[in-house]
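Trainee: Here it is, the structure, as structure tokens.
Each reported figure results from applying straightforward, stated rules to the coordinates on display, with no laboratory input. Keep in mind it's a predicted model, so treat the numbers as computed, not measured. Positions of Cβ are backbone-derived with ideal geometry, glycine not excepted, and every protein chain shown enters the neighbour counts.
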Amino acid sequence: MNRTSLVSLALVTVLACSSFAATPASALACGARIDDASIREALPSLLRTEGIPATATPPLAMVRPAELDGDPNTAEALVDLVQGELCGPALVCPTLVIVSRGGELRSVGSGRALVVLQSSRAGYRDLGDQSPSLIPFMPVVTRVLQWSGARYSP
């Protein structure tokens, strides 16, 4: 394919995705970001997958888009679960690793205050569990999670 064909194909894809992105499922299928509404809807199932107990008050889910695999057709996000019963003493809260393929949200790992690291394995960026340090606003990565082919694990 020549450059003009590639540019035309990219433009058609963008136009198609923006036209059909009225529903969360179609937006995710077009490589869009994982949104708050789709997370809220799927949260009970995602929590069960990771073995995180249900709480009396649902946690506030803070979605942080992330690019973990370099594939524009998948959407990934780190979702911080802010809720007193789930967070540690220094407000270190659980984070879910969410992937969307074909509009379906799946949890593929979890940790505490996860961050995307520069290193990678099998084409996926590594993630780091963070813990507070003695220096304010300078958390320390205490554990590295790597892609195992199906999910993130230490």
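Trainee: Give the relative contact order (percent, whole number) for the range 63-118; include only Cα pairs under 8 Å separated by 6+ residues.
Mentor: Values: 95 pairs, mean separation 16.0, N = 56.
Once divided by the residue count of the range 63-118, the mean separation gives 29 percent.
Trainee: From Cα pairs below 8 angstrom and at least 6 apart in sequence, can you work out the relative contact order of the range 33-153, rounded to a whole percent?
Mentor: Working: 232 pairs, mean separation 20.9, N = 121.
With pairs under 8 Å counted, the relative contact order is 17 percent.
Trainee: Can you sort 52, 34, 135 from fewest to most other Cβ atoms within 10 Å of each residue's own Cβ? Walk me through the numbers before you get to the answer.
Mentor: On the way: 52 18, 34 24, 135 8.
Fewest to most other Cβ atoms nearby, the residues stand as 135, 52, 34.
Trainee: Under 12 Å from the 7 Å Cα→Cβ point of residue 74, by amide nitrogen: which residues of the range 82-124?
Mentor: Only 98-102, 106-109, 121-124 fall inside the zone, counting backbone N under 12 Å.
Trainee: Neighbour counts of other C-beta atoms within 10 Å: give me 85, 67, 50 arranged from fewest to most.
Mentor: Details: 85 10, 67 13, 50 17.
Placing the least packed residue first, the sequence is 85, 67, 50.
Trainee: Would you calculate the convex hull of the Cα atoms in the range 33-153 and tell me its volume per residue in Å³? Walk me through the intermediate numbers first.
Mentor: Working: hull volume 12.7 nm³, N = 121.
Cα convex hull per residue, to the nearest whole number: 105 Å³.
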